[in-house]
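Report on the following structure.
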Amino acid sequence: MQNKKFDQYLFLSWAIAVIALFGSLYFSEIRKFEPCELCWYQRIFMYPLTIILGIAYVKKDWKISFYTMILSAIGGSISLYHYSLQKFLLTKEGSLFCGRIPCHAQYIDWFGFITIPFLALTAFIIIFILSMMIWRKTMEGMNS
């Protein structure tokens with residue numbers, strides 16, 4: 001029963017990563033929104049998750065959850081910083097990473113709070129939580 005739950009968590013994590021990947025490609029390639037530097041850094045952490053989680057799901061490798069927790073935590077931290085630049089006016093003009101495209105620019109602003117970094121942050125948080133649940137149970141099983 002536990003293995004089936006792990007499979008579902010891995011599949012859901014993988015599906016979320018794939019949706020995030022195609023969502024980012026949709027915004028940049030179809031809608032022609034040029035990504036800022038922070039968007040690129042978020043992609044650096046999201047795109048490998050699609051491959052890692054896909055392989056983990058096929059191979060039933062639940063121990064990979066430790067690594068997906070790390071990747072999603074780092075990516076989520078970047079997303080949180082990016083989102084705070086957009087919404088909380090921390091350092092709009094002096095961002096450390098802003099290049100040609102300002103990091104505080106908001107291509108979308110649905111319902112007054114949903115921006116592209118918010119979508120990425122949501123995906124990273126869900127993947128992190130699912131990975132943590134798998135990792136905890138895997139570690140409990142190894143210690144028993």
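Odds and ends about this structure:
- Any hit, the range 14-29, residues being crowded, with 17+ Cβ neighbours inside 10 Å and in contact with a Gly (Cβ under 6 Å, 6 or more places away or on another chain): yes
- Screening the candidates LEU38, LEU25 for the property of being closer than 19 Å to THR115 by Cβ, modelled with pLDDT under 95 and touching a Leu at 6+ places or on another chain (Cβ under 8 Å) yields one hit, LEU38.
- Total residues in the range 4-23, condition under 15 Å from ILE129 (Cα atoms) and not charged (D, E, K, R): 11
The values are calculated or read from the model by the stated rules, or taken from the named source; none is laboratory data. Keep in mind that this is a model prediction, so the values were computed, not measured. Cβ sites come from the backbone with ideal geometry, for glycine too, and all protein chains shown count toward neighbours.
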